[in-house]
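The values are calculated or read from the model by the stated rules, or taken from the named source; none is laboratory data. Predicted model, so just to flag it, every value in this text is computed and none were measured. Backbone-built Cβ (ideal geometry, glycine too); neighbour counts: all protein chains shown. These accessible areas exclude ligands, DNA and RNA; they are computed on the full protein's heavy atoms, side chains included. Shrake-Rupley method; radii C 1.70, N 1.55, O 1.52, S 1.80 Å.
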Amino acid sequence: MRPNHLKGKLKAGQPALGCSVMFPSPQIVEMLGHAGFDWVLLDCEHGSLSLADVEVMAMAADAVGITPIARPRSNSAADIQSVMDRGVMGVQVPHINSGADAARAVSAVKFGPGAGRGLAAGTRPDAWGLGVPMADFTTAANEQSLVCVQLEHEAAIDNADEILKVEGIDVFFIGPSDLSQSMGHPGNPGAPVVAKAISDTLAKIIAAGMTAGMPARTETVAALVDQGVRYIYTHLPRLLGAGAAPFLKASR
C-alpha cells in the first residue's frame, strides 16, 4: 500500500494543508495537486459525491501525488467502510460525541478482530487483489490509514477528555460551524461561549500531545498554525471567491 504523505507530515509536526471538494470532479482534484495542496477532503456528508465519484477522485489524487481523505455521510461503520473500500487514505468522521463513538470509528477503519471493518478480496485499496498477500495488505493499511474525528457538538466538547484517550486516532478536528449551532449561536463561532469552547478544546488536544485540526480561511490560516493546528483545510468555493473578487473588481 502506498505511503500516506499527509500522515507523514503530521507525524513530523508539519502543517498539512488541504481543500474540501463537495461535487464530483477528478479534474478539480488534479488541479489542487498541481497547485501544491497536501491533501483533498472528499465530502460525502454535505456534498453530492457518490461512492463511484469518491473512487475516481481518489484515483486522481493518487495520480497527482496528494492524499485523498473522505468525510463519510455519517459516522456509521457502514458509511466509513464504504469510502475506505474506494481507496481513500483515511476518513474525517463527523459527529463524534463520546469515547464510544470514537472507538467505533477507529474500528471501522482498521482491520482486526471484532465487528468493525470487513475484509474483502479484490477491492481497490489492495490493488484489486492483484498485489501483495492479504495479510501484508492489512498490516500496511492499518499503518497508513488516517483517522480524524470531528468534535462539533457541545457533548463532544464536554467529553473531550475521554475522546482523547481513544487509541488509533490521528487527528482531533474541531468543527466550528456545527459547534456554534449546537451551542445556540448558529453560524457564529466567534460568539464568546463558542470561541472559549474552541480555544479550551484546542489547548486540551495540544497539551495531550495530539494533532489538532480546524478549517481555515486565508485570513486565519497563519494564526491557526501559530496556535499549533496542523491538519487544516479550506473550502473550494472560498478559493474561487478569493480569486474571482479581485478579477471582477478590476474590470469595473
Practice task
For the range 9-105, state what percent of all Cα-Cα pairs lands in each successive 5 Å bin, counting from 0 Å until the bin that includes the largest distance.
Solution key: 2, 15, 25, 23, 17, 12, 4, 1
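Which value does Rg/Rh take for the chain over its C-alpha atoms, Rh per Kirkwood? Each step should come with its number before you reach the end.
Values: Rg = 17.9 Å, Rh = 18.5 Å.
With Rh from the inverse mean 1/r over Cα pairs, Rg/Rh is 0.97.
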Practice task
Report the label-to-label distance for GLN27 and SER98 in nanometres (one decimal), using points 7 Å from each Cα along the Cα→Cβ vector.
Solution key: 4.7 nm
Handout entry: Nearest-10 value in Å² for the accessible area of TRP128, using the 1.4 Å probe
Key = 130 Å²
Problem - Computed magnitude of the charge dipole of the range 71-160 (debye, nearest 20; Cβ of K, R +1, Cβ of D, E -1) - result: 240 debye
Exercise for the section: In whole Hz, with x marking every Gly and Pro, tabulate ³J(HN,Hα) for the range 136-143 from phi via Karplus 6.51 cos²θ - 1.76 cosθ + 1.60, θ = phi - 60°. Expected result: 5, 4, 5, 5, 5, 4, 5, 6
Fill in the blank from the handout: Here FRET efficiency (C-beta to C-beta, GLU143 to MET210, R₀ 22 Å, nearest 0.05) is 0.75
Fill in the blank from the handout: ASN188 and ARG217 label points (each 7 Å along its Cα→Cβ direction) are spaced in nm at 1.6 nm
Fill in the blank from the handout: Averaged per residue, the 1.4 Å probe accessible area of the chain, protein heavy atoms only, in Å², is roughly 45 Å²
Completion exercise
Expected field for HIS235, accessible surface area in Å² at 1.4 Å probe radius, rounded to 10, holds 50 Å²
Fill in the blank from the handout: Quick calc: nm separation of the 7 Å Cα→Cβ label points for ALA12 and ALA63 -> 2.7 nm
Completion exercise
Inverse of <1/r> over all distinct C-alpha pairs of the range 97-210, i.e. the Kirkwood Rh in Å, gives 15.7 Å
Exercise for the section: Compute the separation of the alpha-carbon centres of the range 114-144 and the range 3-66 and state it in Å as a whole number. Expected result: 21 Å
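In whole percent, how big is the carbon plus sulfur part of the accessible area of the chain, probe 1.4 Å, protein atoms only?
Values: 6560 of 11430 Å².
Reported share for carbon and sulfur atoms: 57 percent.
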Exercise for the section: Using +1 at the Cβ of each Lys and Arg and -1 at the Cβ of each Asp and Glu in the chain, identify which of GLY36, PHE137, ALA207 lies farthest towards the dipole's positive end. Expected result: GLY36
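Taking R0 as 25 Å, what's the FRET efficiency between PHE247 and HIS34 from their Cβ-Cβ distance, rounded to 0.05?
Numbers: r = 20 Å, r/R0 = 0.80.
With R0 = 25 Å, the Cβ-Cβ based efficiency is 0.80.
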Exercise for the section: Return the long-range amide H neighbours of VAL93 (sequence gap of 5 or more, or a different chain), with a cut-off of under 5 Å between placed amide H atoms. Expected result: CYS148, VAL149, GLN150
Handout entry: Dipole magnitude (debye, nearest 20) for the chain, charges at Cβ of Lys, Arg, Asp, Glu
Key = 480 debye
Handout entry: Extension gain from SER177 to ALA120, taking 0.36 nm per residue of separation minus the Cα-Cα distance
Key = 16.9 nm
